[in-house]
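A.B. asks: Dropping a structure here in structure tokens format, bear with me for questions.
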Amino acid sequence: MSTAVHPLLRAKRRKAALRTLAFLSPWIVGFSAFFVYPLLSTLYFSFTHYDGFAAPTWTGGKNWTYVFRDYPLFWPALRNTLWLVVVMVTLRVVFGLGIGLLITKIKTGAGLFRTAFYLPYLAPPVAATMAFVFLLNPGTGPVNHVLGGIGIPAPGWFTDPGWSKPALTVLALWGIGDLMVIFMAALLDVPREQYEAAELDGAGPWHRFRYVTLPNISPIVMFAVVTGVIQTMQYYTQPLVAGKVASGIIGNSGQQFEPGYPDRSTLTLPQLVYNLGFQRFDYGAACVVALVLFVLAMAFTALLMRRRGGLISAED
Amino acid sequence: MTHATPATLSRGASAPRPGTASGTRARRAARRRRALQWIAVHALGLAAAAFFVLPFVFVFLTAVMSDNQALTRDLWPHTWQWSNFRTVWDTPGFLTWWRNTLVYAVAGTALTVVSSLPVAYALAKFRFPGRNLVMMLVISTMMLPPQVIIIPMYLFWTKQMGMDGTLWPLIIPMAFGDAFTIFLLRQFLLTVPKEYTEAAKVDGCGEVRTLLTVVVPMIKPAIAAVALFQFFYCWNDYFGPQIYASSNPAAWTLSYGLESFKGAHHTNWNLTMAATVLVMAPVIVVFFFAQKAFIEGVTLTGVKG
């Protein structure tokens, strides 16, 4: 009696376990059916030839060598992603922090400014991308009209392989609202006494920013960088729509189009899954790219969850 | 006059010596500095506001131009052709896209919140073995690009369930919890003091009743925030409808239809921009009604657990 678990206690524990299972059940079903099963299938398909009609046949590593060696779009897409990670993510974090700082300093009409800065973030991506392809179009676009008016040579933006990624970066900076709000909250959390102490020590604005603000908000900066990288891995709608609209492709139902216009400069990895799977019906090769995407996304998520100094904690 | 360094200025401002000449001079300098700073900050603010607002303005101005003028480089409409909005609205299919988007967004949001809440509650309030593991898996799936699993999912929904050309493959999975929603709700539930749920239990409430009658009213702002996030996600989703609905125009959503609209009117930027305005408008209206919940929600995403 004294060592064995009391029957009443055991019944209570079983009840608690059942209750936990019941509460978790939507997730358990969803996680198994919409994550584990398709992930294992993706892994299996990546070693088979499969076009969706005939049964999949095992081909070993053939899809893998095809994607890495012979598929002409893979390396351009990976290079573009690297470019976007280095330039777009960096600029977004710096700009987001700048706008966040600015909004905490604005005293008159703060609410109005905040709404104006935040609103573009909410613009539906397809609509926003089409708007920017129009605004930046070299022929009749207002931006080049204004640039021409003040004597700055106007670039071709979405129609020029060298300028299409900068154009996408401008679009991404326009939608900075999410980062602005996160930085704003972090900046308001910095203890005021630290600024006062720094001021008494004779620290100027730059020193206060460097030695008080930055150390306090550095976890949020890291969070913004890592989630920015993960979002860049998923970057799909904007580059795809920009490429299609700028190239003047008409209609989209079942249309065969070469993604990445102009000259593969807007290709990203998720577009390759679409290109291989839904345009070429080569499901096996599409699954290889999907797994590359999976590994990259998981690597950065692990960085985000690292136990020591992790940014998102799985514990409370 | 001695040259004032920022240090002496700020010290002068915080500890002024009333009555002495140098005290008033320092105070006047501090006031001047503050005024200059006000001007600099607000000038920068206006410049930034121009960057964020002007694209909306240009889109709108182009949307009301005549067909001929939209082909020129003029920025201001000669005639305000409001009928462009009517033309877009009357385009075959536009109303269907609207309705489909609304169904997808409303059903998706409701299912997501209802199915994610109990999971988030268990993760925040129950102690059970493997809880941290479940949390880690939730965070991992949250970061997963949808393209990773799209091939088997597409084959499942179209070949086995016969649901090609519908939005059901996008709506049904939302009845089984969404990782991002679970994560955010759990973060918020952690802040609910244990005393409240325990008091309810002392009063004889089961877990379900505690959740519905005690906890839900307390976390209304978080529920509003995640509902908004999910609504916007569905409203803006392009990839999902592209995969599952593209074969059937009757199932298209606004985001997907908008692009084909551009294709059909490829020289009429005015009509395309009018359509863009009509797609952006509902999102902006919803935002003005729910601004506070939204910004609180975004802040929550950056909060550490």
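The values are calculated or read from the model by the stated rules, or taken from the named source; none is laboratory data. Note that the structure is a prediction, hence the values are computed from the model and not measured. Heads up, the Cβs are rebuilt from the backbone with ideal geometry, glycines too, and the neighbour counts pull from every protein chain shown.
A.B. asks: Test each condition in (1) outside any helix (DSSP H, G or I); (2) surrounded by 14 or more Cβ atoms within 10 Å (Cβ to Cβ) for A:GLU199 and report the one that comes out false.
C.D. replies: In the conditions (1) outside any helix (DSSP H, G or I); (2) surrounded by 14 or more Cβ atoms within 10 Å (Cβ to Cβ), A:GLU199 misses (1) alone.
A.B. asks: Since B:PHE183 meets every condition but one in (1) outside any helix (DSSP H, G or I); (2) under 17 Å from the mean Cα position of the chain (by Cα); (3) of a type in the set (A, V, I, L, M, F, W, C), which condition does it not meet?
C.D. replies: It fails just one condition, (1).
A.B. asks: Let me ask another. Between a first residue in the stretch B:116-140 that is touching a residue at least 60 places away in the same chain (Cβ under 8 Å) and farther than 13 Å from A:TRP27 by Cα and a second residue that is of a type in the set (Phe, Trp, Tyr) and surrounded by 15 or more Cβ atoms within 10 Å (Cβ to Cβ), which pairs have beta carbons less than 9 Å apart while being 6 or more apart in sequence or on different chains?
C.D. replies: B:ALA124/B:PHE188
A.B. asks: Can you name every residue in the stretch A:263-282 that is touching a helix residue (DSSP H, G or I) at 6+ places or on another chain (Cβ under 6 Å), surrounded by fewer than 24 Cβ atoms within 10 Å (Cβ to Cβ) and either over 18 Å from A:PHE68 (Cβ atoms) or of a type in the set (A, V, I, L, M) (or both)?
C.D. replies: If the condition is that a residue be touching a helix residue (DSSP H, G or I) at 6+ places or on another chain (Cβ under 6 Å), surrounded by fewer than 24 Cβ atoms within 10 Å (Cβ to Cβ) and either over 18 Å from A:PHE68 (Cβ atoms) or of a type in the set (A, V, I, L, M) (or both), then A:SER265 is the only one that fits.
A.B. asks: Further question on the same structure: Looking at the structure I just gave you, is A:PRO205 under 31 Å from the mean Cα position of the chain (by Cα) and assigned by TED's automatic domain parsing to the domain that holds A:GLN231?
C.D. replies: For A:PRO205, the condition - under 31 Å from the mean Cα position of the chain (by Cα) and assigned by TED's automatic domain parsing to the domain that holds A:GLN231 - is not met.
A.B. asks: Quick check on this structure: which one of B:ALA50, B:ALA35 is outside the structural domain of B:VAL279 (by TED's automatic domain parsing), at pLDDT 85 or above, farther than 30 Å from B:ASN84 by Cα and part of a helix (DSSP H, G or I)?
C.D. replies: It is B:ALA35.
A.B. asks: Check off (1) within 18 Å of A:ASN275 (Cα to Cα); (2) surrounded by 15 or more Cβ atoms within 10 Å (Cβ to Cβ); (3) touching a Phe, Trp or Tyr at 6+ places or on another chain (Cβ under 6 Å) for A:ASP51 and give me the number that stays unchecked.
C.D. replies: Only one criterion is unmet by A:ASP51, namely (2).
A.B. asks: When B:ASP178 is evaluated against the numbered criteria (1) within 11 Å of chain A (Cβ to nearest Cβ); (2) over 21 Å from A:SER25 (Cβ atoms); (3) of a type in the set (Asp, Glu), which criterion, by number, is the only one it fails?
C.D. replies: Here B:ASP178 meets the rest and fails (2).
A.B. asks: Identify the residue in the stretch A:138-179 that is more than 8 Å from chain B (Cβ to nearest Cβ) and polar (S, T, N, Q) and, among all such residues, is nearest to B:PHE52 (Cα to Cα).
C.D. replies: Ranking the qualifying residues of the stretch A:138-179, first place goes to A:THR169.
A.B. asks: For the condition facing chain B (nearest Cβ under 8 Å) and closer than 23 Å to A:GLY277 by Cβ, what is the one hit in A:PHE74, A:PHE35? I'd like the intermediate steps shown before the answer.
C.D. replies: On the way: A:PHE74 fails: facing chain B (nearest Cβ under 8 Å).
Unique residue meeting the criteria: A:PHE35.
A.B. asks: Hey, B:ASN132 hits all of (1) outside the structural domain of B:TYR256 (by TED's automatic domain parsing); (2) touching an Asp or Glu at 6+ places or on another chain (Cβ under 7 Å); (3) not hydroxyl-bearing (Ser, Thr, Tyr) but one; which does it fall short on?
C.D. replies: (1)
A.B. asks: Then there is this: Out of all the residues in the stretch A:278-292, which are part of a helix (DSSP H, G or I) and at pLDDT below 95? Show your work before the answer.
C.D. replies: Looking only at the stretch A:278-292, we keep the residues that are part of a helix (DSSP H, G or I), and these are A:278-279, A:283-292.
Residues satisfying the conditions are A:PHE278, A:GLN279.
A.B. asks: If you take the residues in the stretch B:102-127 that are facing chain A (nearest Cβ under 8 Å) and farther than 28 Å from A:PHE300 by Cα, which one is farthest from the chain's Cα centre (by Cα)?
C.D. replies: Among those that are facing chain A (nearest Cβ under 8 Å) and farther than 28 Å from A:PHE300 by Cα, it is B:PHE126.
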